[in-house]
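To keep things clear, I will list the structure first and then write my remarks on it.
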Amino acid sequence: MGFEKHTYTERVVNYIKECILNGTYKPGNKVKELTIAKELSISRAPVREALQVLIQEGLVIWIPQKGKFITKLNSEQIRNSYFTGGILEGAAVAQAVDLYTDRDYKRLEAINEKMLEVTESKNSFEAFAALDDKFHKILLSKIDNDLLKEFCKRSCQGISKFLLYKYWIAIFTPDEVYARHKKIVDALKERNADKLEKVIRAHYIDIGERITRVKEKADAEVA
């Protein structure tokens, strides 16, 4: 894999996240240190460290005497995840509304244009997820509170985008993806903290509701 020693843990984390996105690891699947170590031709130590990172991020859970598993969310947990993420990110970004610059607005608009291209061309979800992460990282870039940013990431940016990736493709049309993110940028440019907070909160709550409906329908069809 061409891993350098000082980046082993980080790269194993990224490898496991890629496996979640491409469907190699599905919610509820057991994650085995030895298997991953063999796949990457490395020792188990960085794999163990990577799994601890993913446990902290909420993507992996550890069940005593059973092992480590990819987190599986039920409908209530999905809704709660997005509701919490919307409240946290909305409040965080709103309180920093005066710190964003014209350069930030242009970067956000450029990313949104690219997301529209990706969704219209039906490219891989990984490409869309990467762009969406960049968009929200810019939003959180003015927040001088690492704990708050970590809670935002844990609530929905990390967990739901990876664990629920297969439902994202079905919940919004390309035009909806563009319009929803444009609404955030427009509110940000107005420097209206109250409006911005409400827009971001609604943005996340809507995602949670839509994903829940799609997931429940898919689960019913399988049953």
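The values are calculated or read from the model by the stated rules, or taken from the named source; none is laboratory data. All of these numbers come straight from a predicted model, not from anything done at the bench. Neighbour counts are summed over all protein chains in view; Cβ atoms, including those assigned to glycine, are modelled from backbone coordinates with ideal geometry. Areas reflect the complete protein model, heavy atoms only, side chains present, ligands, DNA and RNA absent. Shrake-Rupley method; radii C 1.70, N 1.55, O 1.52, S 1.80 Å.
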So the number of lysine pairs in region 177-223 with alpha-carbon atoms under 20 angstrom apart, 8 or more residues apart or on different chains, is 5
In what sequence, largest accessible area first, do Lys149, Lys38 appear using a 1.4 Å probe? Lys38, Lys149
In percent, what relative contact order does the chain have, based on Cα pairs under 8 Å that are 6 or more apart in sequence? 28 percent
Relative contact order, percent, region 59-160 [alpha-carbon distance under 8 Å, six or more residues apart]: 38 percent
Between 0 and 90 degrees, rounded to the nearest ten: what's the tilt of helix 102-120 against the longest Cα principal axis of the chain? 60 degrees
Tell me, what is the 1.4 Å probe accessible area of Thr84, in Å² to the nearest 10? 60 Å²
For helix 174-190, report the angle its Cα long axis makes with the longest principal axis of the Cα atoms of the chain; keep it between 0 and 90° and round to the nearest 10°. 60 degrees
For Cα Rg over 2.2 N^0.38 Å, calculated from these coordinates, the label among (1) 1.06; (2) 1.58; (3) 0.98: (1)
Could you give the Stokes-Einstein D for region 66-151 in µm² per second, using the C-alpha Kirkwood radius, 10 °C, 1.306 mPa s? 106 µm²/s
Per residue, how much accessible surface does the chain expose to a 1.4 Å probe? Answer in Å², no decimals. 54 Å²
With all protein chains present and a 1.4 Å probe, how do Ile200, Ile205 order by accessible area, largest first? Ile205, Ile200
Which one of Phe83, Thr35, Ile143 is farthest out on the positive end of the charge dipole of the chain, using unit charges on Cβ (Lys, Arg +1; Asp, Glu -1) and the Cα centre as origin? Thr35
About its Cα centre, how strong a charge dipole does region 36-101 have in debye, to the nearest 20, once Lys and Arg get +1 and Asp and Glu get -1 at the Cβ? 500 debye
With only Lys, Arg, Asp and Glu charged, each at its Cβ (+1 for the first two, -1 for the last two), find how big the charge dipole of region 90-223 is about the Cα centre; round to the nearest 20 debye. 100 debye
Once amide hydrogens are built 1.01 Å from N within the peptide plane, the residues lying 5 or more places from Tyr25 or on another chain with amide H under 5 Å from its amide H are Ile20
Listed here are the pairs Lys30/Lys66; Lys68/Lys134; Lys30/Lys137; Lys30/Lys153; Lys26/Lys66; which of them are more than 19 Å apart at the Cα? Lys68/Lys134; Lys30/Lys137; Lys30/Lys153
How far apart, in nanometres, would the label points at Val222 and Gln77 be if each is projected 7 angstrom from Cα along the Cα-to-Cβ direction? 1.3 nm
Relative to the longest principal axis of the chain, what angle (0 to 90°, nearest 10) does the C-alpha long axis of helix 8-21 take? 70 degrees
Counting each DSSP H run of 4 or more residues in the chain as -39500 (n - 2.57), what helix-only mean residue ellipticity at 222 nm follows after dividing by all residues, to the nearest 500 deg cm²/dmol? -23000 deg cm²/dmol
Within the accessible area of the chain, what % is carbon and sulfur when the probe is 1.4 Å and the other protein chains stay in place? 51 percent
Any residue on another chain or 5+ positions along whose placed amide H is under 5 Å from the amide H of Val60 is listed here as Ile55, Thr71
